[in-house]
Structures are given as C-alpha cells and as structure tokens.
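Asks: The structure under discussion is supplied below as structure tokens; questions concerning it will follow.
The values are calculated or read from the model by the stated rules, or taken from the named source; none is laboratory data. Remember, predicted model here, so these are calculated numbers, not experimental data. Note that each Cβ is placed from the backbone with ideal geometry, even for glycine, and that neighbours are counted across all protein chains shown. Heavy atoms of the whole protein, side chains included, go into the accessibility calculation; ligands, DNA and RNA do not. Shrake-Rupley method; radii C 1.70, N 1.55, O 1.52, S 1.80 Å.
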Amino acid sequence: MSELQGRKIVLGVTGGIAAYKAAELVRLLGKAGAEVHVVLTEGGARFVTAVTFQALSGNPVWSDLWDPRMANNMAHIDLGRDADAILVAPATADFIARLAHGLADDLLTTLCLARDVPLIVAPAMNRQMWEAGPTRRNLALIRGDGVTVFGPGAGDQACGEVGMGRMLEAEEVLESLEGFFVPKSLAGRKVVMTAGPTFEAIDPVRGITNISSGKMGYALARACVQAGAEVVLVSGDVALPVPLGVRRVAAASAQAMRTAVVDALPGADVFIGVAAVADYRPASYAAHKIKKSDEEMSIPLVPNPDILAEVAARADAPFCVGFAAESRNLDDYAETKRRRKKLPLLVGNLVSDGMGGDENSVVLFDDEGRHPLPRAGKAVVARGIVNHLAAMLAARRG
Ligand code: C5P
C-alpha cells in the first residue's frame, strides 16, 4: 500500500511549461490512492486548462480567490485546512519569490500563507533563472521557513538551454512525496547493502549464477532511503530502476561485490547483505569461448569470499543484517546461519514464498526470538524490516 493512500493533497500548478507534467502527476497521485485538489494560477491555466485537471482529479479545480462555490467564501483557508500537504508543481521563479516574501495576491499564495500543513515546491525554470541571485536568496528564505524543495533536475530545457532548473518528472515527484510521509527513522545513518545475483564467468559467454530478481533488495534500498538513510547499493546485474536517492554501484561477480562493499564501508552504520552471492566461482577464466566436444567435462570451482561474514567479523563492523532464503526448515537454518555469521538480525524466507515475485512473507530473527511479518508486497515488507532495524539501532544507541 502506498504511503499516499487516503492522503489529501492540494496541488498548486503555476505558469511554467512543466505544467504538462502536473497533469500526469495528478493521475499518478490518484492511482496511489490520494485525493487531489488542484489550485491553478492564472499563469498555470495558460498552459493546461482547468478541464484537464478536473477530469484527472475528479474534483473541482480552484483558481479564484473570490470563488463563490466555497460555502463560506473562504476557499483560501478551507482547501488547505484538512490537507496532508500542499504541493506546488511546477513552482516558477516568480511563485517562489512571492512565497518568500509572503505575498497573498491570488488563491494559491493566499492558501500557502494561511496554512498549518506542510508545503512542498517542485521548482521549474530556465537555468539562468535558477542560478540568478534573487532565486538563490528566495530559495534560502523559503527553506528557512520550513518549505521542502523537490529537485529540480538537470537536462534539456524548453528554451533550448541545458542545465539545472528542470522540474522533476511526474514519477520522481510522486516518489519524493511518498518518501516525504515516511518517518525518518534512519536519519543520519549510512547503509551499505548488496542485492541481486552474482555472475561468475567461465568464459566470455558463460557463467554460474543464482536466481535472484533483486526486487527485495531494491525495495529495501528504497525503504532505507525513504527513512532518511544515505544508501549505497552494490548490485549484481538486474533490470530494475535504481530507487531515487540511492547510489548504485554495479558489481557483477562476488569478488567485485566484495571490493565494492569494502570501498563503500567507511562511515557505514549498517550493512545489509541481500545479494544471492554464488558460493563458488570457476578456478580459472577461459579468455576465449570454450569449444564443444563429445568429451565429458568438469569445471574446477573455488569458494567465493563470504562478504557478510567478513564484514560482520571486522573490528569496526557496522550493524549487520543477513538474508536467508531456504527451501525448508526455515527457523532452524536461519537461526543457525545468524549465529554462525554473528549477525544481530537475519531476515528469513522460504524460496517458495518470495523468489522473483512481487510479494514476500518473511520472518525476522534476532536475540529476542522470531518475529514473522505479515505476507505483503515487497515495498511493505521492506518498510517492516526497516522499522525493526531502526528500533534495534535506537535501542543500541540508547
Ligand atoms: O550462507 P548463505 O548464502 O545462505 O547466507 C545468506 C546471507 O549471506 C545473505 O545475506 C547473503 O547476502 C550473504 N552472503 C554473502 N556472501 C556470500 C554468501 C552469502 O554476503 N559469499
């Protein structure tokens, strides 16, 4: 279930070319279960009409401070009163300037001034406007007032320029908004993790690998970043988008993964091994494709480093979390593995329950015993794991 389910969002749309992205954003917010009320400025209405937003949100669109539709004629107060947040996307340089100085000469600015709910802006402007002194100063002012700023991103701009100032894509705004509502239980923590399979090359076209979609690891990386952590995700070869805010380091083989983990470890508070690391690799790599013959053949294998056990055994070990996918005897095998690798926390699941799919049912093992989490989508399971991890970290610190 999305963090946005059942939330009421007032979406302000100001006059920038990126207003077209706001239409898609309304659709995505609705899909995530949010109730959206659009406030369109005069400038915004020059780019996308109220009819579009009305059709997409299923709610009346507001533009006029003097709109007689609101029962007590207090649209500027009533709209924001029971909202979970006001999000202005796109927010033009002009809008940000007016916000910074407390102007209240149209419905949206009035609504922003007369509110006690969080205010978020997603700036959208040309590179020069973004870099201009007044914009810099105005942004510092609104940040100082507690306004959250999403983006902007860099890239091609409608004016032909390339650079900072582009509004985030609708999906990125949605992702950031969802993260906004997640409690920041891992704020100030650095998390290093592994995910996906490893690939141990035999020759240029063949190798040994494990079945791992990477979905659980990527969901966990996303949950950690949304909980406020800095996240380095050392990942085997998977076809998944990198969660917003996560630093991904590609590492195909177990040895490459180990090196990348060791490089990322300084300053880490937590290490989570989610990757399905191949236990063995070929003793040697054939530089050229091995030719077929009628002879039986065997490939000598040597053990791979156990990355998690190695990290957990360090004198300066961060808090280590392991994963165990078992095909039977989950409780026994998982607890034995946790003790052998000296892990404070291990997440166990039966391969039949989670592999490759979008749902998982896991059991957390720690010194206190076993804690089953309800079967759910991997995003929800990941949030459950983060909550447990954050509570353990807080208890250690305290
Ligand atoms: O021993 P097993 O492979 O079942 O242990 C699983 C846990 O150990 C996972 O957290 C996995 O990421 C980690 N692991 C590792 N390096 C290995 C093997 C497993 O980090 N070579």
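Asks: Hey, Leu308 hits all of (1) of a type in the set (A, V, I, L, M, F, W, C); (2) away from the ligand (no atom under 11 Å from the Cβ); (3) over 18 Å from Arg396 (Cα atoms) but one; which does it fall short on?
Replies: (2)
Asks: So, one more: Please enumerate the residues belonging to the range 213-234 that are part of a strand (DSSP E or B) and away from the ligand (no atom under 12 Å from the Cβ).
Replies: Result: Glu230, Val231, Val232, Leu233.
Condition check ((1) out of contact with any Lys or Arg (no Cβ under 6 Å at 6 or more places or on another chain); (2) more than 13 Å from the ligand (Cβ to nearest atom); (3) assigned by TED's automatic domain parsing to the domain that holds Val362; (4) within 15 Å of Ala195 (Cα to Cα)) across all residues:
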{"site": "Ala250", "(1), (2), (3), (4)": "yes, yes, yes, yes"}
{"site": "Ala254", "(1), (2), (3), (4)": "yes, no, yes, yes"}
{"site": "Ala260", "(1), (2), (3), (4)": "yes, no, yes, yes"}
{"site": "Ala264", "(1), (2), (3), (4)": "yes, yes, yes, yes"}
{"site": "Gly273", "(1), (2), (3), (4)": "yes, no, yes, yes"}
{"site": "Val277", "(1), (2), (3), (4)": "yes, no, yes, yes"}
{"site": "Glu296", "(1), (2), (3), (4)": "yes, yes, yes, no"}
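Asks: What are the pairs with Cβ atoms under 8 angstrom where one residue, in the range 269-280, is without any contact (Cβ under 8 Å) to a residue 60 or more places away in the chain and the other, located anywhere, is more than 7 Å from the ligand (Cβ to nearest atom) and open to solvent by 30 Å² or more (accessible area, probe 1.4 Å)? Sequence gap at least six, or different chains.
Replies: Close Cβ pairs (under 8 Å, with a partner that is more than 7 Å from the ligand (Cβ to nearest atom) and open to solvent by 30 Å² or more (accessible area, probe 1.4 Å)) amount to Asp279/Pro303.
Asks: Restricting to the range 313-333, count the residues that are surrounded by 18 or more Cβ atoms within 10 Å (Cβ to Cβ) and either within 9 Å of the ligand (Cβ to nearest atom) or under 25 Å from the mean Cα position of the chain (by Cα) (or both). Don't jump to the end; show me each part of the working.
Replies: Looking only at the range 313-333, we keep the residues that are surrounded by 18 or more Cβ atoms within 10 Å (Cβ to Cβ), and these are 318-325, 330.
Checking which are either within 9 Å of the ligand (Cβ to nearest atom) or under 25 Å from the mean Cα position of the chain (by Cα) (or both) leaves us with 318-325.
Number of matching residues: 8.
Asks: Next up: Is it the case, given these coordinates, that Thr259 is under 24 Å from Ala391 (Cα atoms), among the hydroxyl-bearing types (Ser, Thr, Tyr) and outside any strand (DSSP E or B)?
Replies: It is false that Thr259 is under 24 Å from Ala391 (Cα atoms), among the hydroxyl-bearing types (Ser, Thr, Tyr) and outside any strand (DSSP E or B).
Asks: Can you tell which of Asp105, Asp116 is under 30 Å from the mean Cα position of the chain (by Cα), outside any helix (DSSP H, G or I) and more than 17 Å from Leu177 (Cβ to Cβ)?
Replies: Asp116
Asks: A further question on this structure: Quick one: which residue in Gly267, Gly245 is at pLDDT 95 or above and at positive phi?
Replies: The conditions single out Gly267.
Let's see how each residue does on (1) surrounded by 21 or more Cβ atoms within 10 Å (Cβ to Cβ); (2) of a type outside the set (Gly, Ala, Ser); (3) in the same structural domain as Gly196 (by TED's automatic domain parsing); (4) more than 21 Å from the chain's Cα centre (by Cα):
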position	(1), (2), (3), (4)
Thr336	no, yes, yes, yes
Lys342	no, yes, yes, yes
Asp353	no, yes, yes, yes
Glu359	no, yes, yes, no
Asp367	no, yes, yes, yes
Gly377	no, no, yes, no
Asn387	no, yes, yes, no
